[in-house]
Amino acid sequence: MAAPYVSKGASEGEVLKVGLIGCGGRGTGAAKQALKADKSVILTTLGDVFEEQVKKSLQTLKQDKEIGDKVRATPENCFVGLDAFQKVIDSGVDVVLLAAPPGFRPQHLRAAVNAGKHIFCEKPMATDAPGVRSVLESVEIARQKNLALVAGFCWRYDLSRREFYKRIHSGEIGEVRSVYATYLTGPVKPMPPANTRPANMGDLEWQLRNWYNFVWLCGDGLVEQACHSVDKIAWAMKDVPPIKAVGSGGRVIPNNEGNIFDHIDVFYEYESGARAFMAQRQISNCYSDNSDYVMGGDGYGTIKSWSAPIIKGKNQWRYDGKRPDMYQQEHDELFASIRAGKPINDGKWMAQSTLMAIMGRMAAYTGQEITWEMAMNSKEKLVPDNLSWDMKLPIVPMAIPGRTKFI
């Protein structure tokens, strides 16, 4: 359980101990933002499956002039291995930052809420439907224990986007009839050739070191990266799930042993008759765009990449307010809610947005129409049980639309 003062609200001077699980670039960034969010926060422990990740993250944080003196982790409190997450949780921390690959998120989230910890949970929250269902159960446990649970869907903490969607929801463009979102970019972490794999490296380590290229670990580019855009579609539609989706996609650039697509388009349909269109691509030397277009009966709203949101039609508007760093904002609000004893719980919508992305992947992988109920109740379990370094872990062949079956 969390310390009583944390559950009830902590006074300004009381120290909150933070533990980091997943010490890659995003995890290290989240730790820095957590330490900047509150003057009485310290980082006491780090954990990752790979020792070099822990050492690199710890060194980076200690050398940071802004927060280095708040990094109190010692070698005894830095954990390595497949059970490192549990050791971090059991180390006496008050807040945990979950930033390991998404395939581990449901397990790590459940362990954290069972232990009564406040949580920052990076996106996405799972890579398969059983994982989403587990997350939803954890969300309810967190609510019952009065624990903070802030999602890494960072655009929800961007002040300009908040004002934009507030105006959309208040009817400034009329009834929303369609949403078009793009996440057209280059590859994230290309899969190295199989012949570069060290002879003594087991299946699990090989896949973990190249986690972005395996569906069970990352969920595919639509789920791991473009889920931000899927989340903004959900936001535009007031977090009412779509009733069904169809999709198309495949792989153009060879992926060696990996099994993710490099492009997916998804077409979501809503009970109201509104449609949403999601275009995702990760191919070099192509047109890039990361934008959101919301069309209504009385006008339209546009967010072009990182520019200020605008509305045109009966109402003309362009955001000109403050624009603090959204990554920092989510941690500022997380720790403020803990201090106030009024913890934020992003749980339901963060799980629904994750499932919406998984639903789109299911539609593209199978070539079939997938309803929300089908996606939510899917029995396809991608994440293996009882992981061990010496286990045999064959790579699942890449999906083929029209042949791959919905489970």
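Could you work out the local net charge near residue 377, counting Lys and Arg as +1, Asp and Glu as -1, over the other residues with Cβ closer than 13 Å to its Cβ?
0
Based on the Cα coordinates of the stretch 262-363, what is the per residue volume of their convex hull in Å³?
So the per-residue hull volume is 179 Å³.
How many angstrom separate the Cα center of the stretch 235-312 from the Cα center of the stretch 145-187?
Centre-to-centre (Cα) distance: 13 Å.
Just the Cα atoms of the stretch 38-120, one point each, no solvent: what log10 I(q)/I(0) does Debye give at q = 0.11 Å⁻¹?
-0.28
What is the distance in Å between the Cα centres of the stretch 61-136 and the stretch 336-407?
Between the Cα centres of the stretch 61-136 and the stretch 336-407 lies a distance of 20 Å.
For each pair in 87/348; 117/342; 65/123; 348/379; 32/55; 36/145, compute the distance between the two Cα atoms and list the pairs where it is over 18 Å.
On the way: 87/348 27 Å; 117/342 14 Å; 65/123 28 Å; 348/379 20 Å; 32/55 15 Å; 36/145 26 Å.
Result: 87/348; 65/123; 348/379; 36/145 exceed 18 Å.
If you add up the charges near residue 166, with Lys and Arg at +1 and Asp and Glu at -1, over every other residue whose beta carbon is less than 14 angstrom from its beta carbon, what do you get? Don't skip to the end; give the middle numbers.
Numbers: positive: 156, 161, 162, 167, 232, 238; negative: 158, 163, 172, 239.
Here the charged neighbours net out to +2.
Can you compute 3J(HN,Hα) from phi for each residue in the stretch 103-116, using the Karplus curve 6.51 cos²θ - 1.76 cosθ + 1.60 with θ = phi - 60°, rounded to whole Hz and x for Gly and Pro?
With coefficients 6.51, -1.76 and 1.60, one gets x, 8, 4, x, 5, 5, 5, 4, 4, 5, 6, 4, 8, x Hz.
Over the alpha-carbon set of the stretch 202-338, work out the extent along each principal axis and list the three values in angstrom, largest first.
Principal extents (largest minus smallest coordinate, Cα): 59, 40, 33 Å.
Around residue 50, with a cut-off of 10 angstrom between Cβ atoms, what is the net charge of the other residues, counting Lys and Arg +1 and Asp and Glu -1?
Net charge around residue 50: -1.
Provide the packing ranking of 230-242, 317-329, i.e. peptides ordered by the mean count of other C-beta atoms within 10 Å per residue, highest first.
Result, highest mean Cβ count within 10 Å first: 230-242, 317-329.
With +1 on the Cβ of every Lys and Arg and -1 on the Cβ of every Asp and Glu, and nothing else charged, how large is the dipole of the stretch 108-227 about its Cα centre, in debye rounded to the nearest 20?
Here the size comes out at about 300 debye.
Throughout, read-outs are computed from the coordinates displayed, never taken from laboratory work. Treat the numbers as computed from the prediction; the structure is a model and nothing was measured. All Cβ positions, even for glycine, are placed from backbone atoms using ideal geometry, and neighbour counts span all protein chains on display.
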